[in-house]
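The values are calculated or read from the model by the stated rules, or taken from the named source; none is laboratory data. Not measured: the values here are computed from a predicted model. So basically every Cβ, Gly included, is an ideal-geometry build from the backbone, and we count neighbours across all protein chains shown.
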Amino acid sequence: MTPHPQHTAKVEPINRRHAAPSYELRVRRLGAALSLYEVWQLPAAATPQVSAPTRVAGLKGRNLELVEHRVLRRLAQAGVKLARPASEAIPGLPLSEDLALHLGLTFRALAPMRSRERMRAVAEGIERMDREEAAYWLGMAMHRRRPRRVLAALRMLLTEPVQ
């Protein structure tokens, strides 16, 4: 018995690079001392529902300045070189999934905050999270009907109660 021609197609081995979601960091200069850092998810074989680049999160202004040293340290540890640009923008820098999860969650959680002490506590708490916990919170913040409530709950869990 001969196999049907449709069933004899060769199976391609999976390339690990294409089997994971793809992320990038985009940095833009908005003024002399104002920058915008954004994490974007790119289309990949692992995420067929993403057909166009999707913005995960972004941070700019005063809130970015307060945590920029933490972001730059995490990028340097991951081997991502981010030189101070003289031009308007830096082309997308590829990020690992772990780094993108943590940066995206940090950017989303800190964007509306104003208290420096609480921002520091939230940033430290997110840095201490393992990959699965960060993925859970970012997924909740991106795909829930009311993401602001999810982020408010995360902020409350990561900051000490005021007495």
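Residue selection: R118 satisfies the criterion of being over 23 Å from Y23 (Cβ atoms) and outside any loop (DSSP other than H, G, I, E, B). Among the residues making up the range 38-51, those that are touching an Asp or Glu at 6+ places or on another chain (Cβ under 8 Å) and either buried (at least 19 other Cβ atoms within 10 Å of the Cβ) or among the charged types (D, E, K, R) (or both) are V39, W40. Among the residues of the range 93-111, at least one is part of a loop (DSSP other than H, G, I, E, B) and within 19 Å of L36 (Cβ to Cβ). Residues satisfying the criterion are present in the range 61-71 (criterion: within 20 Å of S22 (Cα to Cα) and either surrounded by 12 or more Cβ atoms within 10 Å (Cβ to Cβ) or hydrophobic (A, V, I, L, M, F, W, C) (or both)).
Among residues of the range 59-77 that are in a helix (DSSP H, G or I), those with a beta-carbon under 6 Å from a residue that is of a type in the set (G, A, S) at least six positions away or on a different chain give the pairs V67/A123; R70/A123. One residue stands out among those in the range 149-163 that are touching a residue at least 24 places away in the same chain (Cβ under 8 Å) and part of a helix (DSSP H, G or I): the one that is surrounded by the most Cβ atoms within 10 Å (Cβ to Cβ), which is L151. For T106, the conditions (1) of a type in the set (S, T, Y); (2) surrounded by fewer than 19 Cβ atoms within 10 Å (Cβ to Cβ); (3) within 16 Å of the chain's Cα centre (by Cα) all hold with the exception of (2).
Before we move on, is G104 modelled with pLDDT of 90 or more and either of a type outside the set (D, E) or in contact with a strand residue (DSSP E or B) (Cβ under 6 Å, 6 or more places away or on another chain) (or both)?
So G104 passes the test.
Here P85 meets each of (1) at pLDDT below 90; (2) more than 20 Å from A33 (Cβ to Cβ) with one exception, condition (2).
Going through I90, I126 one at a time, which residue ends up being β-branched (V, I, T), touching a His at 6+ places or on another chain (Cβ under 8 Å) and outside any loop (DSSP other than H, G, I, E, B)?
I126
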